[in-house]
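What follows is one structure encoded as structure tokens, with my remarks underneath.
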Amino acid sequence: QRRRMASSTLADGGVRAKRQQINLDDWEAYCVPADHDAAVFWLSAHRGERYGLLGLAGFMFRRVKGFRNQWWCSKAVAAMLGFQDPWRYDPATLRDVCRRIGYEVEL
């Protein structure tokens, strides 16, 4: 099933949105309270900004925030959701927060 996905990846050159085929057995989806229009606006404003390799070090050393205009997947999604300090969110932490504030949905 093809879904519209938004994130930031090294392979795709940074912040992007695209339709892609996903294996439903490999994904979890959570409905969280968020402003859809604000998320789309954020994505539009940041499209094409670079992937943040330096920020990945922040998963081990929290003082490393990376650069303001560089993004990894969970940082980009946390920013789209309007979370403060999105650089603090590694994929596992973002998943846990989404589980707590939302509910799981079937894709």
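The values are calculated or read from the model by the stated rules, or taken from the named source; none is laboratory data. What you are looking at is a predicted structure, and each value in this text was computed from that prediction instead of being measured. All Cβ positions, even for glycine, are placed from backbone atoms using ideal geometry, and neighbour counts span all protein chains on display. For the accessible areas, the whole protein counts, side chains as well, though only heavy atoms, and no ligand, DNA or RNA atoms are used. Shrake-Rupley method; radii C 1.70, N 1.55, O 1.52, S 1.80 Å.
Exactly one residue out of Arg63, Arg3 is part of a loop (DSSP other than H, G, I, E, B), open to solvent by 60 Å² or more (accessible area, probe 1.4 Å) and either of a type outside the set (D, E, K, R) or at pLDDT below 80 (or both), and it is Arg63. For segment 28-40, filtered to residues that are in a helix (DSSP H, G or I) and touching a helix residue (DSSP H, G or I) at 6+ places or on another chain (Cβ under 9 Å), the residue that is surrounded by the most Cβ atoms within 10 Å (Cβ to Cβ) is Ala39. Taking each residue of segment 78-94 that is over 13 Å from Gly52 (Cβ atoms) and looking for partners that are surrounded by 20 or more Cβ atoms within 10 Å (Cβ to Cβ) and of a type in the set (S, T, N, Q) with beta-carbon atoms closer than 8 Å, six or more apart or interchain, yields Pro91/Ser74; Thr93/Ser74; Leu94/Ser74.
Among residues of segment 20-48 that are under 23 Å from Leu10 (Cα atoms), none has a beta-carbon under 8 Å from a residue that is open to solvent by 50 Å² or more (accessible area, probe 1.4 Å) and hydroxyl-bearing (Ser, Thr, Tyr) at least six positions away or on a different chain.
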